[in-house]
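J.: Have a look at this one before I ask anything.
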Amino acid sequence: MPFLTTDDGVRLYYEEAGSGTPVVFVHEFAGDARSWEAQMRYFARRYRTIAYNARGYPPSDVPEDPERYSQARARDDIRAVLDALGIARAHVVGLSMGAFATLHFGMTYGYRALSLVVAGCGYGAHPAHYAQFQAESRANAEFIRREGMARFAAAYGYGPTRVQLLAKDPRGFEEFIRRLAEHSPLGSANTMLGYQARRPSLYDLSAEMQAIDVPVLIVAGDEEEPCLEACLLMKRCIATAGLAVLPRSGHAINLEEPALFNQLVADFFHQVEAGRWTRRDPRATPPSVWGPGGRPGAATA
């Protein structure tokens, strides 16, 4: 099995296929590197594709201390993957928890990114939901410790933004639940406590998002109610961002609609590589009551 080591000594398992321009896939809380199989198979035809298991997800190491899990660590682990594999710059594609890490990577290490795909990002970010999300993350960690991953997967896996996968692809949903149940209880609980329950709200990071200057594609399902407002915030903050909303779709959009997701991301990569994905025309940024309008005197988040 191939492993790389982060700067704080954690070994991360990774998979690699194809050759060419590098693409790094960063998984969600309920997933792992296997979640990106449909993307690895598709993009490996033209790209060097890499997917890795985050810390806490075997066969990657599972640190016992929750303090070794955080938003900053998840961000820096993307950089560690690039450094270990000798990659100067890459397209970085993240979903949910992985999308938060991808976005923060862009805010801190934008010079290492060819582009960013931020998919299903925003859970718990809205000020009206932030404290509740933190409390639920701590409660989820306690549930995992008390009941184990199989019981947790049977509850968490049937959430209101997960049942769309069940309706579209019953076999894929069964595989998703089975793989979630295989995750480390310690790693999952620590991820909830150290990362999910402590990550900052995007609504406190509007200035940092406005500084992002690499191409960004934001993707969401239209039934991802917890994410939609945050996706609009990101779109309004990031002058290089485009927003795609998939109809009748929930959270795991790369699993629900792999062909459409792959097409959107591939077209985005082609535009970026052709130099056609540029900053938004200032004439296309009227003031908005919901977020930055991009003009002097426009509303700010």
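Every number in this text was worked out from the coordinates using simple rules, so none of it is lab data. Keep in mind the model is a prediction, meaning the values are calculated, not measured. Every residue, glycine among them, receives a Cβ derived from its backbone with ideal geometry; neighbour counts consider all protein chains shown.
J.: Could you calculate the contour length gain from residue 38 to residue 283, that is, 0.36 nm times the residue separation minus the distance between their Cα atoms, to one decimal place in nm?
T.: Once the chain is fully extended between residue 38 and residue 283, it gains 84.4 nm.
J.: Of the peptides 52-65, 127-140, how do they stack up when ordered by the mean number of other Cβ atoms within 10 Å, highest first?
T.: Output ranking for 52-65, 127-140: 52-65, 127-140.
J.: Could you bin all the Cα-Cα distances of segment 101-184 into 5 Å bins starting at 0 and give me the percent of pairs in each, rounded to whole numbers?
T.: Values per bin, smallest distances first: 3, 12, 15, 16, 19, 17, 13, 5, 0.
J.: Same structure, new question: Where does segment 54-153 land on the Kirkwood hydrodynamic radius, alpha-carbon pairs, in angstrom?
T.: Result for segment 54-153, one decimal place: 15.1 Å.
J.: Mind checking the full-extension length gain between residue 45 and residue 17? Use 0.36 nm per residue of separation minus the Cα-Cα distance, one decimal, nm.
T.: Details: separation 28, 0.36 × 28 = 10.08 nm, distance 0.87 nm.
Length gained between residue 45 and residue 17: 9.2 nm.
J.: What is the local net charge at residue 63, summed over the other residues whose Cβ is closer than 13 Å to its Cβ (Lys, Arg +1; Asp, Glu -1)?
T.: Computed value for this residue: -2.
J.: Roughly speaking, what is the stretch gain from residue 179 to residue 132, that is 0.36 nm per residue apart minus the C-alpha to C-alpha distance, in nm to one decimal?
T.: 14.2 nm
J.: Only Cα pairs under 8 Å and at least 6 apart count here; give the relative contact order of segment 1-139 as a rounded whole percent.
T.: 23 percent
J.: Taking only the alpha carbons of the chain, what extent do you get along each of the three principal axes, in Å, biggest first?
T.: Per principal axis, max minus min of the Cα coordinates gives 54, 44, 39 Å.
J.: Using modelled amide H (1.01 Å from N, peptide plane; none on Pro or chain starts), what sits under 5 Å from the amide H of residue 129, excluding residues fewer than 5 places away?
T.: Placed amide hydrogens put nothing under 5 Å from residue 129.
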